[in-house]
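Right, one structure below, let's go through it.
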């Protein structure tokens, strides 16, 4: 990947910013970030990649960091702007992560998810197809989710051959975008790779998601909402392990193939919450010495809540040699420690963007 010219859409988001930091700091790649900077786009997440978020460019203009990371604030649905970005940067590849991604928000505003996730992907594919015709080594990499597969019972794992059965507006929009990417490969021959990942966690995670929400509610003494009985199961993947898998697929994966990325770390939501509480009891005990677990409050489940996700990453491991470096116990401790040490990042978000209110009631 060294000196490879990479466009990263959604590069100011959680997974996107982790990918940018890895590409720049560990692999020496040249990176061009495209981000609309919606509520979840946090340019401060690129600070470790040398980007100064205090001096953002105007929309449609490009800013370049001290390490050479370029940022374009733009909407991926703007096909003309995307075409200009490709011509300006001349990419070898694109990592397409820009998406509306929170299931609860998709229940409240499904049209926004269709526009960004479906129409935005189609816009990028159209531009990428034209670029590839002049640059035949170009690769389009699409980053998706295990939620497209629907819900598992108590047994079994998602594989690359599992039929799609999405249940939320979010997962349905991501399923549609996956199908579009495959269609551009099968119809036009565009070199594509698709990855479907399990639940990510780690530093710089926007606090609407479960783990950072629990951490910050604990620190602020607020109740911790647990949907239903907390028995829903997710497979947890540390974000740095995920982005290493993405780069491996980009470098060595086969065109037209899907690779599932999972951590093999299944936990119920309640187990996750209690683990976070236990670590905080150790690292930042409450003044009155009561356990953080006492803040847990069981609330009405969200509509269409899938019971269990679990990914089989055998194909990725056997074909490309990927191995995660973190298990859930090591990764969750690192994550809690990061939030304790980096209030500068999350405090403005908590105060001005999202304070932890319930979303997605239906």
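The values are calculated or read from the model by the stated rules, or taken from the named source; none is laboratory data. Keep in mind it's a predicted model, so treat the numbers as computed, not measured. In this analysis, Cβ positions are derived from the backbone assuming ideal geometry, glycine residues included, and neighbour counts consider all displayed protein chains.
Across the stretch 245-275, the number of residues qualifying as crowded, with 20+ Cβ neighbours inside 10 Å and within 21 Å of residue 324 (Cα to Cα) comes to 14. Kindly establish whether residue 127 is closer than 26 Å to residue 29 by Cα and out of contact with any strand residue (DSSP E or B) (no Cβ under 6 Å at 6 or more places or on another chain). So residue 127 passes the test. Scanning the stretch 204-235 for residues that are surrounded by fewer than 23 Cβ atoms within 10 Å (Cβ to Cβ) and in a loop (DSSP other than H, G, I, E, B) turns up 206, 207, 208, 209, 221, 222, 223, 228, 229, 230, 231, 232. So, residue 291, is that one surrounded by 14 or more Cβ atoms within 10 Å (Cβ to Cβ), farther than 22 Å from residue 198 by Cβ and modelled with pLDDT of 95 or more or not? So residue 291 fits the description; yes. Among the residues making up the stretch 131-154, those that are surrounded by fewer than 14 Cβ atoms within 10 Å (Cβ to Cβ), at pLDDT 95 or above and more than 21 Å from residue 246 (Cβ to Cβ) are 133, 134, 136.
Of these, 51, 14, 32, which one is touching a helix residue (DSSP H, G or I) at 6+ places or on another chain (Cβ under 9 Å) and modelled with pLDDT under 95?
Working: 14 fails: modelled with pLDDT under 95; 32 fails: modelled with pLDDT under 95.
One residue alone meets the criteria, 51.
Under the condition of being more than 16 Å from residue 262 (Cβ to Cβ) and under 20 Å from the mean Cα position of the chain (by Cα), the residues counted in the stretch 299-329 number 1. Please find, within the stretch 108-117, the residue that is surrounded by the most Cβ atoms within 10 Å (Cβ to Cβ) out of those that are out of contact with any helix residue (DSSP H, G or I) (no Cβ under 7 Å at 6 or more places or on another chain) and in contact (Cβ under 8 Å) with a residue 12 or more places away in the chain. My answer is 116.
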